[in-house]
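> Just dropping this structure here.
The values are calculated or read from the model by the stated rules, or taken from the named source; none is laboratory data. Just so you know, these numbers come straight off a predicted model, no measurement behind them. Heads up, the Cβs are rebuilt from the backbone with ideal geometry, glycines too, and the neighbour counts pull from every protein chain shown. Heavy atoms of the whole protein, side chains included, go into the accessibility calculation; ligands, DNA and RNA do not. Shrake-Rupley method; radii C 1.70, N 1.55, O 1.52, S 1.80 Å.
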Amino acid sequence: MIKEELIVKTTALPQSRVALELEIPSNTCKSCVNETINSISRSAKIPGFRLGKIPKQVLIQRIGITQLHASALEKIIDKSWNQALKMESIEPLSEPELVDGFESILKIFNPEKPLKITLQTDIAPELKLKKSKGLSVEIKKSKFDPKSIDEALEKSRNQLANIIPVNNRPAKLGDIAVVSFKGIYKDSKKEIDGGSSDSMDLELEKNKMIPGFVEGIVGMKIDDNKTLTLRFPEDYSHEDSRGKEAIFEVSLKDLKEKELPELNDDFAKQSGNKDSLKELKKDIEKQLKENFDNAQKNIKVEALMDALSKELDAEIPKAMIDIEVRNNIEQTAQRFAQQGMDIKSTFTPELVKSLAESTRPQAEKNVQRNLALKALSEREKITVDDEEIDQKMKEYKDEISKSPKQIDIQKLKDVVRNDLLQEKLITWLEENSAVKEINEKATKLTTKTTTKATTKKGVKTKSKPKVNKKEKN
């Protein structure tokens, strides 16, 4: 007897999706049904029968043929799906979607006959760059602002300031006001969520709180009460409050001011562990200039990456964007956890949904860039060899030996490979592209070669095949 084989027909779809039409032979269907019955029989408990000794017909009558077929159908689809992927050498990016829906297939399922189903999934797109060499971008030319040194010093002075009580004058900008307040919406008289406090230290600086709140406190004396009628900005973070008028009952409970230290050598020793104020200023200037130069380099690389991304000719599948969004949310959750926050209570379904929506545009941009870099690597045959990786791994030797946790060396090597490859790709872009720096007055154009910087790493993810039982709309 000739054994029947799975028949697979593959059809390319838009947006880097593929449809697999499967004709599953009846012997596979019957085999999975029998396996399901035997599996249930080993664990089912029916009065009058020993465990594992329940007759087939009794089990079918007790559980129902539809439920048995549903369990068997899941196995049939999963088994056939994995077999089809191997036959066609396809690596899916997403869980397969059963085109006609699980319930519809179940209704017509007959293990004595071949089963025809169609599954769809996202796959990695074919990458093509319309152009890679000779990219040209324009960025604004910026100069280091010496005033930033004084601003850094003032920030350090504020951090080391002594806080002293004030009781002989009204509040002014720069003070620290201890206030209690209660806010309601003007139209509905409903209390504002998060708009009340019994005691809060508030630095009286512009742009703190909503417009008019700080200004309303300025001039108040301790124990003064005041009613402020204000309006929330149209772009306020809390959507329900945007553009609404609010009434705040405010009481000034206490007032403090900052006593700033003098800018002298003693301050230099306390602030930056330097022997003199002159030495501290030089150190701050060096750090700020390094930060400025790095920021300028990053601006140039960002511009080149955007230009390269525009040259990418590829249909990006939704699954890639979804994976990037999910990775971003997971990274945010990890940062919160490191700060000691309770992730389970903080990351509500509503917050996760909001984060997914807000981070999707950036996720799309990241995926576009990563694919453009991959296309550049393939087009220009830019690679990283094992010797380069081994050399880089030597730098982590001490960290690996001192780490309290077991480090996955292979995963670390993969990260190192990605980093080194990305550095090479960016260097290649810099050497084969032109950046025109436009002066603030747009009167002069100069062409410079950019320097290397780091962009977001790409993440490869392999999806475990699992049938989506939802009906297709």
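> If a residue counts only when it is open to solvent by less than 50 Å² (accessible area, probe 1.4 Å) and in contact with an Asp or Glu (Cβ under 7 Å, 6 or more places away or on another chain), which strands (runs of 3 or more DSSP E) contained entirely in the range 157-216 have at least 2 such residues?
Fully inside the range 157-216 and qualifying: 176-185.
> Just to be sure, is Ser148 open to solvent by 40 Å² or more (accessible area, probe 1.4 Å) and of a type in the set (Ser, Thr, Tyr)?
Taking the combined requirement at face value, the residue does not satisfy it.
> Same structure again: Suppose we keep only residues that are among the hydrophobic types (A, V, I, L, M, F, W, C) and open to solvent by 50 Å² or more (accessible area, probe 1.4 Å) within the range 45-62. Which one would you say is modelled with the highest pLDDT?
Phe49
> Let me ask something additional. Restricting the first residue to the range 146-158 and requiring it to be in contact (Cβ under 8 Å) with a residue 40 or more places away in the chain, which pairs with a second residue that is part of a helix (DSSP H, G or I) meet a Cβ separation below 6 Å and a spacing of at least six or different chains?
Pairs found: Ser148/Leu288; Ile149/Ile284; Ile149/Glu285; Ala152/Ile284; Ser156/Ser271.
> Then there's this: Quick one: Ile40 ticks every box in (1) open to solvent by less than 20 Å² (accessible area, probe 1.4 Å); (2) outside any loop (DSSP other than H, G, I, E, B); (3) aliphatic (A, V, I, L, M) except a single one, so which number is it?
(1)
> Going residue by residue through the range 310-318, is there one that turns out to be closer than 30 Å to Glu151 by Cα and under 20 Å from the mean Cα position of the chain (by Cα)?
Within the range 310-318, not a single residue is closer than 30 Å to Glu151 by Cα and under 20 Å from the mean Cα position of the chain (by Cα).
> May I ask you to verify whether Leu376 is in a helix (DSSP H, G or I), in contact with a Phe, Trp or Tyr (Cβ under 9 Å, 6 or more places away or on another chain), more than 28 Å from Gly134 (Cβ to Cβ) and not charged (D, E, K, R)? Before you say what the answer is, go through the steps one by one.
Working: in a helix (DSSP H, G or I): yes; in contact with a Phe, Trp or Tyr (Cβ under 9 Å, 6 or more places away or on another chain): yes; more than 28 Å from Gly134 (Cβ to Cβ): no; not charged (D, E, K, R): yes.
So Leu376 does not fit the description; no.
> May I pose another question? Among residues belonging to the range 366-399 that are surrounded by 15 or more Cβ atoms within 10 Å (Cβ to Cβ) and touching a strand residue (DSSP E or B) at 6+ places or on another chain (Cβ under 8 Å), point out the one that is farthest from Asn418 (Cα to Cα).
Across the range 366-399, the extreme among qualifying residues is Gln368.
> While we're on this one: Take the residues in the range 70-123 that are among the hydroxyl-bearing types (Ser, Thr, Tyr) and not in a helix (DSSP H, G or I), then tell me which one is most open to solvent (accessible area, probe 1.4 Å).
Ser89
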